[in-house]
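Each remark here refers to the structure printed beneath this line.
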Amino acid sequence: MASTTYKNVIVEKDDGLTWVTLNRPDKRNAMSPELDQEMLDVVLSLEGDPETKVLILTGAGEAWCAGMDLKLYFRELENKPNERIRAEWTTHQWRWYRLWNFPKPTIAMVNGFCMGGAFTQLVACDFAFAAEDAKFGLSEVNWGILPGGLVSKALQVCLGYRDALYYSLTGELFDGKKAEEIRLITKAVPAKDLKQTVTEFARRFVKMNPETLRGTKQGIKAVRDMDVGQAHEYLMAKSNELKARDKEDGYNKGIKQFIDDKTYKPGLGAYDVKKQPA
């Protein structure tokens, strides 16, 4: 497993899976301006990295991410407006704009505390798996601020209106099982099974057509705010774009292997991307 270590982030590549670990365990991986800059660099570098088929985001130690480092963000930048603007731009870039639009599957592996601002990157990931005893919470209301940044917007992507209000207004902690129940995450599993579950799930994407995965992600996200007519036009154009961009010629390979070769069934698995036409 190839590994690259920044001061606050660890990047490990393992046969198509890239594990990105927030590495401030003594601060429960709370985000600092320095960590956010490193994460922006990491995410940008992995977007076009041919070794990265899936990005998995986790945390070192007992926490996934405890939100923003209040001292470094709120106290030390309080009278430094230019630095604060730059830091806020950086954190929003990697946690939402780049991660939400990352061209490959992304998975949050929540191994412990997930608090406050960490909900943004949690929701930005395509999938989220958590330990059943992981702790989630929006504590901002308890110390006099809003679930700011993009947290309130991010909540609307996954949570229903009542649940979003309940946990934002009460600041009540909840565990991984409840997070699955309210659909904040994909699945909760016992902590001892978490990494194996995530690894097995991620492996399925390594063998799939990357352009199809990218186009499907973009299509699902883009049509959320479109009416039926707009969505139809967009998806027709997106389908044509996919055929033009796909160097693996997935459409024709898939059709041939299903209809002519009868080597797979789409409802039971994917076509063989490496098999060349006869």
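Observations on the model:
- Filter result for Q121 (part of a helix (DSSP H, G or I) and either touching a strand residue (DSSP E or B) at 6+ places or on another chain (Cβ under 9 Å) or of a type in the set (G, A, S) (or both)): yes
- Residue in the range 195-205 that is basic (K, R) and outside any helix (DSSP H, G or I) present: no
- Long-range neighbours under 6 Å by Cβ, at least six apart or interchain, first residue closer than 13 Å to T52 by Cα and without any contact (Cβ under 8 Å) to a residue 40 or more places away in the chain within the range 1-18, second among the hydrophobic types (A, V, I, L, M, F, W, C) and part of a strand (DSSP E or B): V11/V20; E12/W19; K13/A2; T18/L55
- E38 assigned by TED's automatic domain parsing to the domain that holds L99, crowded, with 17+ Cβ neighbours inside 10 Å and either outside any helix (DSSP H, G or I) or under 17 Å from the mean Cα position of the chain (by Cα) (or both): yes
- Considering (1) closer than 22 Å to A63 by Cα; (2) out of contact with any helix residue (DSSP H, G or I) (no Cβ under 6 Å at 6 or more places or on another chain); (3) buried (at least 18 other Cβ atoms within 10 Å of the Cβ), the lone condition that F205 does not fulfil carries the number (1).
- Verdict on D26 being more than 17 Å from the chain's Cα centre (by Cα), in a helix (DSSP H, G or I) and at pLDDT 95 or above: yes
- Condition check for K71 on (1) without any contact (Cβ under 8 Å) to a residue 40 or more places away in the chain; (2) touching a helix residue (DSSP H, G or I) at 6+ places or on another chain (Cβ under 9 Å); (3) under 27 Å from F136 (Cβ atoms): one failure, at (2).
- Members of the range 108-118 that are at pLDDT 95 or above and either assigned to a loop (DSSP other than H, G, I, E, B) or over 13 Å from G59 (Cβ atoms) (or both): N111, G112
- The number of residues in the range 51-92 being modelled with pLDDT under 95 and outside any loop (DSSP other than H, G, I, E, B) comes to 19.
- Unmet criterion (only one of (1) touching a Lys or Arg at 6+ places or on another chain (Cβ under 8 Å); (2) in a helix (DSSP H, G or I)) for Y97: (1)
- Residues of the range 126-164 classified as buried (at least 23 other Cβ atoms within 10 Å of the Cβ) and in a loop (DSSP other than H, G, I, E, B), total: 3
- From the options I185, I220, residue that is part of a helix (DSSP H, G or I), within 25 Å of F119 (Cβ to Cβ) and within 16 Å of the chain's Cα centre (by Cα): I220
- Contact map, the range 37-64: first residue under 21 Å from F136 (Cβ atoms), second residue hydrophobic (A, V, I, L, M, F, W, C) and surrounded by fewer than 17 Cβ atoms within 10 Å (Cβ to Cβ), Cβ cut-off under 6 Å, separation 6 or more or different chains; the map is empty.
The values are calculated or read from the model by the stated rules, or taken from the named source; none is laboratory data. Computed from a predicted structure; not experimentally measured. Reconstructed Cβ throughout: ideal geometry from the backbone, glycine too, with neighbour counts over all protein chains shown.
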